[in-house]
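Let me begin by presenting the structure, written as structure tokens, before commenting on it.
The values are calculated or read from the model by the stated rules, or taken from the named source; none is laboratory data. All figures in this text were calculated on a predicted structure; none of them were measured in a lab. For neighbour counting, all protein chains shown are included, and Cβ atoms are generated from backbone atoms with ideal geometry for every residue, glycine included.
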Amino acid sequence: MARRGKAARQASSARRGNGVVELPEGARPKGPVEGVYYIDTGDCELVADPDNSNGWLLKINGVMSSHIDLADPLFLDFEYMRWIAALVESVWPPEAKPKLRALHLGGGACSMARYVHAAYPDARQVVVELDGKLADYVRAWFDLPKAPLLRIRVGEARAVTETLTAQSRDLIIRDVFAGAFTPRPLTTREFNAHARNVLAPGGLYVVNSGDSPDLRNARQDAATIADTFAHTMIIADPAMLKGRRYGNMIMAGSDTPFGDDPKLARKLLGGAVPAHIWDDAQVRAFARGAEIRHDPSAPDA
């Protein structure tokens with residue numbers, strides 16, 4: 001679930017009659033073409049951005065998933081992705097040319113991975129995508145960086161994370177949805193502990209938490225992350241923070257303090273949808289009393 005940018009809002013409201021694109025067995029598309037494509041988990045639809053000749057929107061099973069600007073990978077149409085980018089740049093200024101090791105849980109059109117490659121050309125990235133057919137299409141449509149700069153690993157996000165070497169990633173972004181919410185196995189204290197183990201010292205765990213105005217899911221996400229990491233942060237727009245609409249919060253956890261970066265606050269306030277930052281104390285106050293999610297207990301022997 002994502003609050004979308006202008007292009008995505010227009011595309012989702014437009015009446016389109018895109019038909020199914022049939023490809024010969026084993027064939028790969030040579031570039032993006034509007035239409036519906038069958039994938040392993042259902043179907044996806046490519047929609048041309050009506051305001052940008054280089055822009056494409058991707059829907060998965062009828063839900064808006066991603067926006068790509070083929071000419072400018074640094075352009076992110078979805079507000080929550082811009083918030084993630086601003087946070088990452090605050091922690092690792094691009095001018096310092098850090099060689100980030102990034103793990104993306106949830107692929108879609110690889111919008112964030114394209115951004116990271118453009119902002120940090122020496123980064124090494126792995127995108128975990130459940131749908132192998134979708135991964136093949138995305139590589140063919142959007143001319144993604146090749147390995148070792150960007151690898152797409154087909155698999156379930158938790159299972160893949162649990163196989164990774166300790167302290168082998170600097171950045172983990174969780175952006176996985178089944179409908180309006182992230183699958184529970186990716187939200188528990190035990191999974192967060194796996195993610196924390198994979199992060200190097202000073203690493204950053206970022207999640208896209210979608211919720212309704214009751215904010216029950218967001219509070220549980222925040223409580224579980226706060227129980228795992230020493231330092232936390234939330235980025236969201238005021239209406240979402242006050243429980244006035246459906247939308248997204250960006251939550252982050254780290255074992256290193258985030259500090260007070262005035263440039264980050266100014267950048268977030270200056271966006272198309274101004275966003276606020278909640279520091280660790282505010283996050284823990286927001287999460288107070290909420291359930292800390294855990295894996296189901298093992299059945300009795």
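Below are the figures for this structure:
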| item | result |
| --- | --- |
| In the range 200-214, residue surrounded by the fewest Cβ atoms within 10 Å (Cβ to Cβ) [restricted to those that are touching a residue at least 40 places away in the same chain (Cβ under 8 Å) and more than 17 Å from the chain's Cα centre (by Cα)] | Pro201 |
| Residue that is surrounded by the fewest Cβ atoms within 10 Å (Cβ to Cβ), among those in the range 260-282 that are touching a residue at least 24 places away in the same chain (Cβ under 8 Å) and among the small types (Gly, Ala, Ser) | Ala272 |
| Search result, residues across the range 229-256 that are over 27 Å from Ala272 (Cβ atoms) and surrounded by fewer than 20 Cβ atoms within 10 Å (Cβ to Cβ) | Ala230, His231, Asp255, Thr256 |
| Test: residue in the range 97-112 that is assigned to a helix (DSSP H, G or I) and touching a helix residue (DSSP H, G or I) at 6+ places or on another chain (Cβ under 7 Å) | yes |
| Ala239 vs. criteria touching a Gly at 6+ places or on another chain (Cβ under 9 Å), outside any strand (DSSP E or B) and not charged (D, E, K, R) | yes |
| Filter pass, Pro262 being over 25 Å from Val176 (Cβ atoms), within 21 Å of the chain's Cα centre (by Cα) and assigned by TED's automatic domain parsing to the domain that holds Ser212 | no |
| Within the range 1-39, considering residues that are in a loop (DSSP other than H, G, I, E, B), at pLDDT below 75 and in contact with a Lys or Arg (Cβ under 9 Å, 6 or more places away or on another chain), the one farthest from Pro274 (Cα to Cα) | Arg28 |
| Looking only at the range 179-231, and only at residues there that are touching a Gly at 6+ places or on another chain (Cβ under 7 Å) and assigned to a loop (DSSP other than H, G, I, E, B), the one that is modelled with the highest pLDDT | Phe229 |
| Given (1) of a type outside the set (Asp, Glu); (2) buried (at least 18 other Cβ atoms within 10 Å of the Cβ); (3) farther than 15 Å from Ala135 by Cα; (4) modelled with pLDDT of 95 or more, number of the condition Met64 does not satisfy | (4) |
| Some residue of the range 113-124 being in contact with a His (Cβ under 6 Å, 6 or more places away or on another chain) and in a helix (DSSP H, G or I) | yes |
| Odd one out for Ala71 among (1) free of Cβ contacts under 8 Å to residues at least 40 places away in the same chain; (2) more than 19 Å from Val116 (Cα to Cα); (3) surrounded by fewer than 21 Cβ atoms within 10 Å (Cβ to Cβ) | (2) |
| First in the range 111-129 and under 12 Å from Leu100 (Cα atoms), second anywhere and among the charged types (D, E, K, R) and buried (at least 20 other Cβ atoms within 10 Å of the Cβ), Cβ under 8 Å, 6 or more apart | none |
| Residue match in the range 157-178 (condition: out of contact with any strand residue (DSSP E or B) (no Cβ under 7 Å at 6 or more places or on another chain), modelled with pLDDT under 95 and in the same structural domain as Leu103 (by TED's automatic domain parsing)) | yes |
